[in-house]
1. Any idea how many residues of segment 318-363 are of a type in the set (A, V, I, L, M, F, W, C) and under 20 Å from ARG464 (Cβ atoms)?
2. Could you list, in sequence order, all residues of segment 209-221 that are among the aliphatic types (A, V, I, L, M) and at pLDDT below 80?
3. I need the full set of residues from segment 16-33 which are out of contact with any helix residue (DSSP H, G or I) (no Cβ under 6 Å at 6 or more places or on another chain) and not in a helix (DSSP H, G or I), in order please.
4. Quick check on this structure: which one of PRO46, PRO64 is modelled with pLDDT under 80, assigned to a helix (DSSP H, G or I) and either within 25 Å of PRO187 (Cα to Cα) or under 24 Å from the mean Cα position of the chain (by Cα) (or both)?
5. Quick one: which of ALA409, ALA418 is under 30 Å from LEU503 (Cβ atoms) and open to solvent by less than 30 Å² (accessible area, probe 1.4 Å)?
6. Would you call PRO437 touching a Gly at 6+ places or on another chain (Cβ under 7 Å) and either more than 30 Å from LEU257 (Cα to Cα) or surrounded by fewer than 19 Cβ atoms within 10 Å (Cβ to Cβ) (or both)?
7. When the residues of segment 100-140 are narrowed to those that are open to solvent by 50 Å² or more (accessible area, probe 1.4 Å) and of a type in the set (S, T, N, Q), which ends up nearest to GLY170 (Cα to Cα)?
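The values are calculated or read from the model by the stated rules, or taken from the named source; none is laboratory data. Because the structure is predicted, anything quoted here is derived from the model rather than measured. Positions of Cβ are backbone-derived with ideal geometry, glycine not excepted, and every protein chain shown enters the neighbour counts. Protein only, heavy atoms only, side chains kept; ligands, DNA and RNA dropped before computing areas. Shrake-Rupley method; radii C 1.70, N 1.55, O 1.52, S 1.80 Å.
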Amino acid sequence: MLRHLLTVGSWTMLSRLLGLVRDQLLAMFLGAGPVQDAYQIAFRLPNMFRRLFGEGALNAAFVPLFTSRYEKEGPPAALLLAGQAFSLLLLWLSLLTILAEIFMPWVIDLIAPGFRSHGTGRFAIAVQLTRITMPYTVLICGAALVAGILNARNHFAAASAAYISFNIVGIAAILVGAFWGHQHVAPTSAWGITLSGIAQLAGLLWAARKAGLTVPLVRPALSPDIRLLLRRMLPGLVGSGVTQINLTIDTIIATLLPTGSISWLYFADRVNQLPLGVLGAALGTTLLPLFTRHVAANDRSALQTSLNQALNYALLLSLPAMIGLFSLAPEIMATLFGYGHFTPHDVQNSAAALRMYALGLPAFIIIKLLAPAFFAEGDTTTPVRIGFVTMGINLALNLLLYRTLAHLAPPLASTLAAIVNMGALALLLWRRDSFRPTVTSLSRAIRIMVAALIMGVWAWGCARFLATGLSEWHALPRLCALIILIGSSAALYGGLLVALRVLGLEELRTRLLRRFRR
């Protein structure tokens, strides 16, 4: 499990770092004004469908079913199922995309109601850009299904590496637009999103063929296997829909706020997504097949042990990430994005949003750890019920807070809703005897928290000492100072983990040597 987590996490980290470069270029050339707001809506709509149909309900239902067919009936039966699911998914999403292209102005009115009223031209730009990016929905959802096939057979590296092409193509598109002129950056960036979908799907199909998992081309049909898949997907679709409704609520609220709010939230969320995406994606990808095998073997003890181990890995990285981001938010945002059209005012507002997002980082990651335990047992209904509750909490908090907290309301509401979601999932798994934290794991969690808090105090104190320099220096000195600051904090955290006996030096050395020898 640790090896697969490191594999997926390493590729995801590389993808996130390239994504950070892409976001820096967007901030530099578009700033945080109406064009940036419109561009973020154009990206958010197809990305919402990707999470809904591609990486959410489909994978949660498809991976266990594909794994079961592969183990019990052999590769031909499993790949036939994959081909049927692939063709039906592409047909459905193609029809959805055509309808969205036709009725795009009404779609933008629905998800960004504040764009027309403010009169900044955001509405027309959003319609134009979203029509360019909408085909990405079909391509990336097809790619997600092929990635699920590879992950089900433990080919994690190929699936994780393919997503790097999104950021490579995106960076190239922004630079081409900047070369032609500032007014071309947004349209070429939008085209880069769609072209990256082609690259990802093609790369994953090639990897599947190389692994002997070629997806056959079959006519879309509602076979018994597909009906079973759809029945399993339905609760997950509702559950994923709840999550996407939460995100849509955040977006709608942000469009009602002053121009730039969407952009501030986006760049803050992107920084928060660096640890969340790396660890959360690694956990969600690798744990579902593992938990499925434990459930199939009716080995409840192994399931509990795997959950405890995964929880330790998650806390070991998510707690210092949360405290570090909260302590260094202004310095991080200024160093990463405070150039060109992204003003000091934008830095200040996005840093405040980052702090709100960071508070919920461990909860979001642990949700991705706990949910696969339900999916492995074929239970996609319980997370849906919890999701409805958290959706109501998120909506209520947004409506209660947005007039007083402005752009801080959406991230704070999402954080509080995620904490409730995490607690409910953990409680239900406890009642099912699937989750039993041991005294040892609880003791480790407390010691990890102590180490992370001490590290946070150190980081905050050093940042206050360097505050003037980090806001006035040029890019390279800023970056060097931030790297030294984060590096010294990480070294302190590592030393505290050893001092508090969370990690042993010999154990750490052995694991690293074993990793590098593979």
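1. Result for segment 318-363: 15.
2. Residue satisfying the conditions is ALA221 alone.
3. Correct list: GLY31, GLY33.
4. Criteria check complete, one pass: PRO64.
5. ALA418
6. No.
7. Among them, the one singled out is GLN128.
Per-residue answers, yes or no, for (1) in contact with an Asp or Glu (Cβ under 8 Å, 6 or more places away or on another chain); (2) closer than 18 Å to LEU317 by Cβ; (3) β-branched (Val, Ile, Thr):
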{"residue": "PHE435", "(1), (2), (3)": "no, no, no"}
{"residue": "ILE446", "(1), (2), (3)": "no, yes, yes"}
{"residue": "GLY456", "(1), (2), (3)": "no, yes, no"}
{"residue": "ARG464", "(1), (2), (3)": "no, no, no"}
{"residue": "ILE483", "(1), (2), (3)": "no, no, yes"}
{"residue": "ILE486", "(1), (2), (3)": "no, yes, yes"}
{"residue": "GLY495", "(1), (2), (3)": "no, yes, no"}
{"residue": "ALA499", "(1), (2), (3)": "no, no, no"}
